[in-house]
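See below for the structure under consideration.
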Amino acid sequence: MPTRTLNGTKVWQRRDRATQFRIWLGWLIGTAVFLYCWRIISENTEWEFVQDAHIQALDMASRMVPPRWSYTPTILRPLWDTINIATLGTVCAVAIATPVAFLAARNTTPSLLVARPLALMIVVSSRSINSLIWALMLVLIMGPGVVAGIVAITLRSIGFVGKLLYEAIEEIDERQVEAIIATGASRPQVLLYGIVPQILPAFAGISVYRWDINIRESTVLGLVGAGGIGLELQASVNILAWNQVTLIFIAILGSVVLSEWVSAKIRHAII
Amino acid sequence: MLKIENLTKRYPTGDLALNGVSLEVAKGEVVALIGPSGAGKSTLIRTINRLVEPTSGRILLNGVNLPSLGSRALRRARRTIGMIFQEFALVERLTVMENVLSGQLGYVSFWRSLIRKFPQSIIDEAFRLLERVGLEEFYDKRADALSGGQRQRVGIARALLQNPEILLVDEPTASLDPKTSRQIMRLITELTSERGLGAIINIHDVPLAMLFVKRIVGLRQGEIVYDGDPDGLTSERLTDIYGEEDWTATVRKKGSDQEEEDNGEENDDDLPQAAMSLSRREAAGRQAGRK
Ligand SMILES: Nc1ncnc2c1ncn2[C@@H]1O[C@H](COP(=O)(O)OP(=O)(O)OP(=O)(O)O)[C@@H](O)[C@H]1O
Ligand SMILES: [Mg+2]
């Protein structure tokens with residue numbers, strides 16, 4: 001225990017000796033593992049390539065400027081596609097994730113043994129696969145194009161939205177719910193008056209936040225053929241048109257900044 | 001009207017919160033339920049509308065045995081039982097009006113409650129109740145913008161809009177200052193007599209209970225150990241309920257009883273000495289009482 005008696009006075013320490021030793025040992029092992037891993041990485045790296053990395057980077061940078069502004073009209077359409085993929089994907093995901101969240105939340109699930117594990121399965125499997133990988137598979141299944149991108153974003157976002165939403169549902173104030181139950185309200189009415197008002201801010205916040213993430217994620221989906229500005233990015237990289245790549249980067253940056261701004265505004269307005 | 005027979009509740013944790021409680025509340029009768037923390041007061045009133053499922057025993061409301069009801073019949077029975085909470089339990093993000101109207105949820109369809117389309121007669125009644133509790137100007141405020149006393153008034157209006165036959169009141173004043181506490185207790189007891197409502201009021205503040213309620217029931221470790229009028233609540237009886245203490249400040253002096261009540265608002269400040277010395281003791285009791 002952290003206090004012990006020394007010459008009749010009680011001495012207090014933050015931790016006792018055994019705990020202190022274990023923590024110290026933990027650090028020792030951690031450091032050793034880190035050094036060992038570093039050695040393996042180092043053995044597998046061609047250091048000659050790394051050594052002239054800054055020269056390569058400077059070379060690429062010089063070819064990237066100035067951006068090729070005349071390329072702008074070509075990327076407007078794919079940029080619009082990208083924003084649509086993100087927005088439609090988010091809308092579909094929220095529509096599907098909301099019932100899933102109510103099934104998954106301990107305090108609203110109709111059955112702890114069937115519905116809840118099933119809903120959690122959906123959440124986990126959606127979360128464990130990156131949207132790029134979803135897109136890769138969907139392009140094979142549905143062919144390249146915007147629809148594959150929308151579905152990929154949807155599938156990926158269901159888990160995210162579902163998880164955060166069901167956690168919000170589990171954190172509500174049960175007393176407010178009990179008060180509504182005590183009036184003789186039916187189950188759907190309890191949901192409507194006791195639960196929905198409490199999770200509405202979280203619901204809006206989560207949806208907008210996911211939309212914001214999806215704008216960023218959908219920019220790369222084109223790399224695997226799932227539509228949007230990523231397609232142009234890949235085409236430009238393939239022909240080594242680095243000044244076009246710069247322009248695409250600027251466009252992506254612009255849309256991300258815009259989405260940040262919009263989502264901040266919306267969240268501010270709702271909460 | 002309400003008749004509880006041999007009610008027992010054992011929580012899954014093994015706590016025996018109610019041990020064979022029998023209690024009868026006549027139509028229009030108001031009962032104050034006192035007892036130390038953990039005595040089972042909240043459990044008792046929450047088993048009546050089955051927010052807590054009783055383990056055994058009968059609860060007859062107008063002859064209907066509540067524990068045996070199916071979910072539809074239970075919802076119908078709950079409409080006639082109004083509940084008022086210590087922490088007010090208003091839906092914080094809804095307006096005062098929506099909170100009051102939620103008292104009618106048991107009577108309107110899901111669709112109407114979704115689009116907030118309540119019958120005009122109900123809206124009239126809601127405005128009347130808000131006026132009665134002194135909040136007519138607050139109907140469009142959000143509940144989280146109100147003070148404690150105002151929230152409790154909304155809670156009272158919500159319970160009354162149910163048009164109940166009995167009120168279950170769980171420590172209505174425990175989160176309020178002494179003056180507001182008295183105003184709220186006065187409001188509740190006035191409304192019960194205006195409408196001929198029965199009520200069970202859980203309350204820690206014994207002097208306050210003795211001031212406003214004519215029948216006091218003492219609960220200790222899940223059993224009723226006192227049932228009678230405030231004057232019978234002597235030092236010995238209080239010791240039965242709460243345990244050994246110096247009760248001289250709490251026990252009512254003969255002859256001084258009704259005056260305070262009649263003088264009303266002016267001497268709202270003369271009670272607190274007794275009330276506060278008691279609640280301090282209770283705070284200590286609360287800590288000791290929890291195992
Ligand atoms: N949900 C619960 N699960 C398990 N035990 C519970 C639960 N609620 C209450 N109890 C136990 O039941 C007993 C009675 O509790 P109850 O809340 O009814 O007392 P109370 O008289 O209302 O106390 P207080 O004055 O502090 O509100 C206590 O021993 C408590 O620990
Ligand atoms: Mg209680």
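Report the rotationally averaged projected area of the stretch B:94-182 based on its alpha-carbon convex hull, in square nanometres. Provide the component values of the computation, followed by the final result.
Details: hull surface 24.3 nm².
Result: 6.1 nm².
Can you show me the helix-derived [θ] at 222 nm for the protein assembly as shown, built from DSSP H runs with n ≥ 4 at -39,500 (n - 2.57) apiece and divided by the number of residues, rounded to the nearest 500.
Details: 23 runs with 319 residues, N = 562.
One gets -18500 deg cm²/dmol as the mean residue ellipticity at 222 nm.
Distance cut-off 21 Å, Cα to Cα: go down the list A:LYS163/B:LYS141; B:LYS27/B:LYS214; B:LYS117/B:LYS141 and report the pairs above it.
Working: A:LYS163/B:LYS141 32 Å; B:LYS27/B:LYS214 14 Å; B:LYS117/B:LYS141 19 Å.
From the list (A:LYS163/B:LYS141; B:LYS27/B:LYS214; B:LYS117/B:LYS141), the Cα-Cα distance tops 21 Å for A:LYS163/B:LYS141.
What do the square roots of 5 times the Cα gyration tensor eigenvalues come to for the protein assembly as shown, in whole Å, largest first, as semi-axes of the equivalent ellipsoid? Provide the component values of the computation, followed by the final result.
Working: eigenvalues 767, 212, 101 Å².
Over the Cα atoms of the protein assembly as shown, the semi-axes work out to 62, 33, 22 Å.
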For a quick check: with amide H placed at 1.01 Å from N, whose amide H comes under 5 Å from B:VAL225's, ignoring anything fewer than 5 positions away on the same chain?
B:GLY218, B:LEU219, B:ARG220
Distance histogram for the stretch B:2-290 (every C-alpha pair counted, 10 angstrom bins, percent rounded to whole numbers):
6, 28, 34, 24, 7, 1
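Given a cut-off of under 8 Å on Cα pairs at least six residues apart, what relative contact order in percent is computed for chain B? Display every interim value, and only then the final one.
On the way: 510 pairs, mean separation 71.0, N = 291.
Relative contact order here is 24 percent.
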Between B:SER56, B:SER147, B:SER102, which gets the highest mean-square fluctuation from a Gaussian network model of chain B, Cα cutoff 10 Å?
B:SER147
For the stretch B:81-95, what does the Karplus curve 6.51 cos²θ - 1.76 cosθ + 1.60, with θ = phi - 60°, yield as ³J(HN,Hα) per residue in whole Hz, taken in order and with x for Gly and Pro?
10, x, 10, 10, 10, 4, 8, 6, 6, 7, 6, 4, 8, 9, 6
Can you give the translational diffusion coefficient of the stretch A:1-68 in µm²/s, computed by Stokes-Einstein from the Kirkwood radius over Cα pairs at 20 °C and 1.002 mPa s?
123
Over all alpha-carbon pairs in the stretch A:152-271, figure out the percentage whose distance exceeds 19 Å.
62
Gaussian network model of chain A, Cα springs within a sub-10 Å range: biggest mean-square fluctuation belongs to which of A:VAL220, A:VAL161, A:VAL114?
A:VAL114
Would you kindly derive the ³J(HN,Hα) couplings of the stretch A:105-115 from the backbone phi angles with the Karplus curve 6.51 cos²θ - 1.76 cosθ + 1.60 (θ = phi - 60°), listing them in order in whole Hz, with x for Gly and Pro?
5, 4, 8, 10, 5, x, 8, 6, 8, 10, 5
Any idea how far the Cα center of the stretch A:150-184 sits from the one of the stretch B:129-194, in Å?
31
Compute the separation of the alpha-carbon centres of the stretch B:1-37 and the stretch A:73-97 and state it in Å as a whole number.
59
Quick one: compute the contact order of chain A, relative version, from alpha carbon pairs under 8 angstrom and 6+ residues apart, as a percent.
23
With both partners inside the protein assembly as shown, how many of the DSSP beta bridges are antiparallel, as a percent to the nearest 5?
60
Below 15 Å, Cα to Cα, which aspartates and glutamates can B:LYS3 reach? Residues fewer than 8 away in the same chain don't count.
B:GLU24, B:GLU29, B:GLU165, B:ASP227
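Can you give me the Kirkwood hydrodynamic radius for the stretch A:115-163, using every pair of distinct Cα atoms, in Å to one decimal? Write out the running numbers ahead of the final one.
Details: mean 1/r = 0.0917 Å⁻¹.
Taking the inverse mean of 1/r over all distinct Cα pairs, the stretch A:115-163 comes out at 10.9 Å.
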Under the 7 Å Cα-to-Cβ spin-label approximation, A:VAL65 and B:GLU245 lie apart by a distance in nanometres of 7.9
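Laboratory data are not the source of any read-out in this text; all were calculated from the coordinates shown. These numbers were taken from a predicted model, which means no experiment stands behind them. Neighbour counts run over all protein chains shown; Cβ positions are idealised from the backbone, glycine included.
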